[in-house]
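Worksheet: the structure to be examined is printed underneath.
Read-outs throughout are calculated quantities, based only on the coordinates presented, and are distinct from any laboratory measurement. A quick note: this is a predicted structure, and the numbers were derived from the prediction, not measured. Virtual Cβ from ideal backbone geometry, glycine too; neighbours counted across all protein chains shown.
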Amino acid sequence: MARTLEAELTSSRLEKDGKIAHITLNRPERLNAIDHPLTQDLDAFTKFLETDQDVRLVTIRGAGRAFCSGIDLKELPEGNVGKPHFPPWEQTLRRLETMDALVLCLIHGYAIGGGLQLALACDIRASTPTAEYGLTAIEESIIPGMGTWRLPQYVGMGRAKQLSILGNFIDGEEAERIGLVDHLVDEDDYEGEFAELVNDYMRINSRGARATKQAMASSFSMDWEEFWEHYIDLQYDAMAHPDHEEAKAAALEDREAEWS
């Protein structure tokens, strides 16, 4: 597996395997809590990936016992995670939403605070049943970031306000029930089942699939007329792409398509 940027960044890893890139949060001793170096790592990774024309899918996971436990509370009282943290952090999350590649994350242990915000910026979330979710910024008397914008889009305004203002926890099963999680994976084989999901999404990962992501990224911010114009541009682009011709050829030849 070819490695990219790993030598210079220490709080996380980026590895490329063909058309798939894997990001691993790598502060297992702190349950992958977010500090300034980790934010810088993710900022650099997403800047790189949004311009890498070879990457078709990105995975995000956490090393050790958790996906991500949120802002490092050890750093917060010391002022090491302050105002300079928020712009690069939110720009990182926005790149995940808008980059061409599909972004899948695997959640186990905890997705708390910024960890849940990171998961919300991914296209598809897979979770173990016992993983714990919560937006706990209220405990520090701060706003849970742009999670206040993303969470209502998945679970509805009322439930989003409850989770954000009370800061209460739910598990993976409840998260899947309310639409926050897309796939539940086995507690004892979550890596194996996640790998199968990655294969499933790669099998359908055509230009049309990625254009569908681009269309949906604007679905809550445009009125009908604006969205129609945006959609039709994307549709014409998808139909002019070689993947559309390959899809037609594969259907005629009764075989699986091979996407460019």
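Laid out as a table, the results:
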{"item": "Residue list for region 5-31, restricted to those being part of a helix (DSSP H, G or I) and farther than 22 Å from Phe86 by Cα", "result": "Glu6, Ala7, Glu8, Pro28, Glu29"}
{"item": "Filter result (surrounded by 14 or more Cβ atoms within 10 Å (Cβ to Cβ) and part of a helix (DSSP H, G or I)) within region 217-238", "result": "Phe227, His230, Tyr231, Leu234, Gln235, Asp237, Ala238"}
{"item": "Residues of region 85-131 classified as in contact with an Asp or Glu (Cβ under 6 Å, 6 or more places away or on another chain), charged (D, E, K, R) and over 20 Å from Pro152 (Cβ atoms), total", "result": "1"}
{"item": "Tally, over region 32-54, of residues that are of a type outside the set (A, V, I, L, M, F, W, C) and not in a helix (DSSP H, G or I)", "result": "7"}
